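Data block below; observations after.
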Amino acid sequence: FQRRLGSVYARLFEDMKGFTDVDKRNMAGIITRGMAAGQSPRVIAREMEKKGLEQDWRCLRIASTEVNNAFRSASMDETDAINQEVFGDSEYEMRIIHISALLPTTRPDHAARHGTICTPAQQKEWFATKATGSSINCHCSQADILVNKKSGKPMSTKLRDILLAQKKDWTPEKV
């Protein structure tokens with residue numbers, strides 16, 4: 001949890017244009033405190049707007065993006081740590097299964113990745129280079145899944161089967 005908060009606070013908001021360094025630090029503080037208090041991105045956005053940092057819609061976009069990024073990033077770091085500390089040289093390892101929100105606004109490549117099993121490094125690479133719109137305003141999530149290292153097959157297929165069925169049935173119009 002502390003790593004998640006630390007990643008938000010340490011983040012420099014380098015992709016954000018038009019903000020002073022002071023505004024960036026203020027946003028980082030508000031988002032970090034909001035996460036520590038268990039607040040939703042909407043509540044965090046209201047606090048940012050009260051401080052005059054930005055318009056309501058942009059505050060919500062920033063808060064949603066940063067909170068989700070922090071949780072995803074920390075989760076991937078924790079998965080890497082578990083693989084090193086717990087599984088080590090065993091025949092098993094934890095990987096990430098991508099879970100798209102499948103909202104009407106979901107980007108097609110994010111929906112196509114729903115149910116995909118990959119390593120944390122592959123997931124980070126996808127968000128950094130291949131994901132449409134990067135992780136900005138992205139509602140995707142992920143879960144750990146235990147796999148056999150050699151085959152890459154999950155030890156339990158139930159979650160993946162459910163996600164693949166959802167992906168097959170999903171179109172933006174249905175949601």
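The values are calculated or read from the model by the stated rules, or taken from the named source; none is laboratory data. None of the values given here were measured: they were computed from a predicted structure. A quick note on method: Cβ atoms are made from the backbone with ideal geometry, for glycine too, and the neighbour counts reach across all protein chains shown. To get the accessible areas, we keep the full protein, side chains included, count just its heavy atoms, and leave off ligands, DNA and RNA. Shrake-Rupley method; radii C 1.70, N 1.55, O 1.52, S 1.80 Å.
Quick rundown of the values:
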read-out: Of residues in the range 53-63 being without any contact (Cβ under 8 Å) to a residue 40 or more places away in the chain and surrounded by fewer than 22 Cβ atoms within 10 Å (Cβ to Cβ), the one nearest to Pro120 (Cα to Cα); value: Leu60
read-out: Residue satisfying all of: in the range 77-91; touching a residue at least 12 places away in the same chain (Cβ under 8 Å), touching a helix residue (DSSP H, G or I) at 6+ places or on another chain (Cβ under 9 Å) and closer than 24 Å to Lys150 by Cβ; least open to solvent (accessible area, probe 1.4 Å) among these; value: Thr79
read-out: The one condition in (1) under 13 Å from the mean Cα position of the chain (by Cα); (2) exposed (fewer than 14 other Cβ atoms within 10 Å of the Cβ) that Ile136 fails to fulfil; value: (2)
read-out: In the range 110-122, the residues that are open to solvent by 20 Å² or more (accessible area, probe 1.4 Å) and touching a Gly at 6+ places or on another chain (Cβ under 9 Å); value: Ile117
read-out: Tally, over the range 117-175, of residues that are polar (S, T, N, Q) and part of a loop (DSSP other than H, G, I, E, B); value: 9
read-out: Residue identified as in a helix (DSSP H, G or I) and open to solvent by less than 50 Å² (accessible area, probe 1.4 Å) among Ala101, Ala74; value: Ala74
read-out: Candidates Glu125, Glu66 - the one that is acidic (Asp, Glu), out of contact with any Leu (no Cβ under 9 Å at 6 or more places or on another chain) and buried (at least 20 other Cβ atoms within 10 Å of the Cβ); value: Glu66
read-out: Residue list for the range 6-42, restricted to those being polar (S, T, N, Q) and at pLDDT 65 or above; value: Thr20, Asn26, Thr32, Gln39, Ser40
